[in-house]
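J.: First, the structure itself, so that you have it in front of you.
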Amino acid sequence: MRTKARIFFHGTDVPGREQAVLSSAGCGPDVARVSDIEWNGTLSVFVYVTLDVEDPRLALLQKLLLAYKVKWSEDRWDEYTDEEYEAAPLIVVEALGENHVVGGPRFYTEYDLSNACPACGAGMRQTGAYMLDGAGPSMIGLGQFRAVSSYSELIVDQPLAEALARANLSGLSLRSVYAYQPNEAPIELIWKQLWASHTLPPMSPRSTGIDFDSACKTCRRGKIDSTSPVRFAYRAKDLEGAQDVNRMWERFGYVRWNGDLKTAVLWQPYFIVTPKVWRIFRDAGVTGFQWLPIRVVDDE
Ligand SMILES: [Zn+2]
């Protein structure tokens, strides 16, 4: 595993422009991307520098930006090798956002709310076919990606659905997906929604990058915030009974919930799968997801 950092700043904030810091820090076009956009007579210069966190140029660049009083933002993530994925007990599937398709409760997908947290909706159970926003612009994602995500639900194209079905994966079934358009009958798509029968117990508090204090005060399960890089950890005993395809217990991210499905925006728990599933997605050339191997920790 290697941890990467991406620094972003505005080139015009640097006296003498971005090369003053980039060349002093030894950041050439192999690691720095500069794009100029002129709009209404104003020039914007976006500078992105991607480096390994062990690379001495990272600290040097930060020092130079501080010296020039340039504000920057920084994002960090872990990159894993195929060998590390193959050796992982389970891998969390996190969508990157570019393949997000709008759907869910606001588009008449039906849910059982009898076990749902009144404050955040965690624990609601989908009972009807998943409905996508057939009239919205995000539907274009279905033509661009082999697999898309919809608030952490996973939806795959027909060949990928067939490959998953042929692999006899434990814990997985595939369900119909419909496109909803106002005043029209919903249209069944050839895409399929992944459905996991097994939910893992809560993760270990030794996971890092997770703000457990942000969790919903009522159920401790929803609305959890995270900072990159996230490293998920599970107790060994909690992995007993894990299937090839599982859901996580926790839910991350933004929630809009007042008990009414027609206005609800709710992120569902991440999928967490065996390397066998990761391999099928990799071989299908699926992009748009971050695959995060879990760590197994001793029972506390
Ligand atoms: Zn809650």
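The values are calculated or read from the model by the stated rules, or taken from the named source; none is laboratory data. Here the structure is a predicted model, which means the values were calculated and not measured. Counting neighbours? That spans all protein chains shown, and the Cβs are built from the backbone with ideal geometry, glycine included.
J.: Scan region 155-162 and give yes if some residue there is touching a residue at least 24 places away in the same chain (Cβ under 8 Å) and over 25 Å from residue 278 (Cα atoms), otherwise no.
T.: Scanning region 155-162, I find no residue that is touching a residue at least 24 places away in the same chain (Cβ under 8 Å) and over 25 Å from residue 278 (Cα atoms), so the answer is no.
J.: Now a separate question. Of the residues in region 106-128, how many are buried (at least 16 other Cβ atoms within 10 Å of the Cβ) and more than 16 Å from the ligand (Cβ to nearest atom)?
T.: 4
J.: Restricting the search to region 45-93, which residues are small (Gly, Ala, Ser) and more than 19 Å from the chain's Cα centre (by Cα)?
T.: Within region 45-93, 59, 67, 73, 87 qualify.
J.: For region 276-300, how many residues meet the condition of being acidic (Asp, Glu) and more than 24 Å from residue 238 (Cβ to Cβ)?
T.: 1
J.: Right, something else. Regarding region 220-241, can at least one residue be identified that is more than 16 Å from the ligand (Cβ to nearest atom), surrounded by fewer than 19 Cβ atoms within 10 Å (Cβ to Cβ) and part of a loop (DSSP other than H, G, I, E, B)?
T.: Yes, region 220-241 contains a residue that is more than 16 Å from the ligand (Cβ to nearest atom), surrounded by fewer than 19 Cβ atoms within 10 Å (Cβ to Cβ) and part of a loop (DSSP other than H, G, I, E, B).
J.: Yes or no: residue 199 within 16 Å of the ligand (Cβ to nearest atom) and more than 20 Å from the chain's Cα centre (by Cα)?
T.: no
J.: Related question: Can you report the number of residues in region 117-160 which are among the polar types (S, T, N, Q) and in a strand (DSSP E or B)?
T.: Within region 117-160, residues that are among the polar types (S, T, N, Q) and in a strand (DSSP E or B) number 3.
J.: Taking residue 281 and the conditions (1) surrounded by fewer than 20 Cβ atoms within 10 Å (Cβ to Cβ); (2) under 17 Å from residue 91 (Cβ atoms), which numbered condition does it fall short on, given that it satisfies the others?
T.: Of the numbered conditions (1) surrounded by fewer than 20 Cβ atoms within 10 Å (Cβ to Cβ); (2) under 17 Å from residue 91 (Cβ atoms), the odd one out for residue 281 is (1).
J.: I would also like to ask the following. Are any residues in region 204-219 within 7 Å of the ligand (Cβ to nearest atom) and hydrophobic (A, V, I, L, M, F, W, C), and if so, which ones?
T.: 216, 219 - these are the residues of region 204-219 that are within 7 Å of the ligand (Cβ to nearest atom) and hydrophobic (A, V, I, L, M, F, W, C).
J.: Still on this structure, I have one more. Just to be sure, is residue 57 in contact (Cβ under 8 Å) with a residue 60 or more places away in the chain and either surrounded by 16 or more Cβ atoms within 10 Å (Cβ to Cβ) or closer than 30 Å to residue 295 by Cα (or both)?
T.: No: the conditions fail for residue 57.
J.: Tally up the residues in region 242-259 that are part of a loop (DSSP other than H, G, I, E, B) and away from the ligand (no atom under 16 Å from the Cβ), please.
T.: Final tally of qualifying residues: 3.
J.: Right, next: Could you grab me the full set of residues in region 260-272 that are within 14 Å of the ligand (Cβ to nearest atom) and either outside the structural domain of residue 155 (by TED's automatic domain parsing) or touching a Ser or Thr at 6+ places or on another chain (Cβ under 6 Å) (or both)?
T.: 267, 268 - these are the residues of region 260-272 that are within 14 Å of the ligand (Cβ to nearest atom) and either outside the structural domain of residue 155 (by TED's automatic domain parsing) or touching a Ser or Thr at 6+ places or on another chain (Cβ under 6 Å) (or both).
J.: Please state which one of 75, 36 is part of a strand (DSSP E or B), of a type in the set (D, E, K, R) and more than 30 Å from residue 285 (Cα to Cα). Talk me through it step by step, then tell me what you get.
T.: Details: 75 fails: more than 30 Å from residue 285 (Cα to Cα).
Unique residue meeting the criteria: 36.
J.: Every residue in region 161-180 that is in a strand (DSSP E or B) and among the charged types (D, E, K, R), please.
T.: Listed by number, the list holds a single entry, 175.
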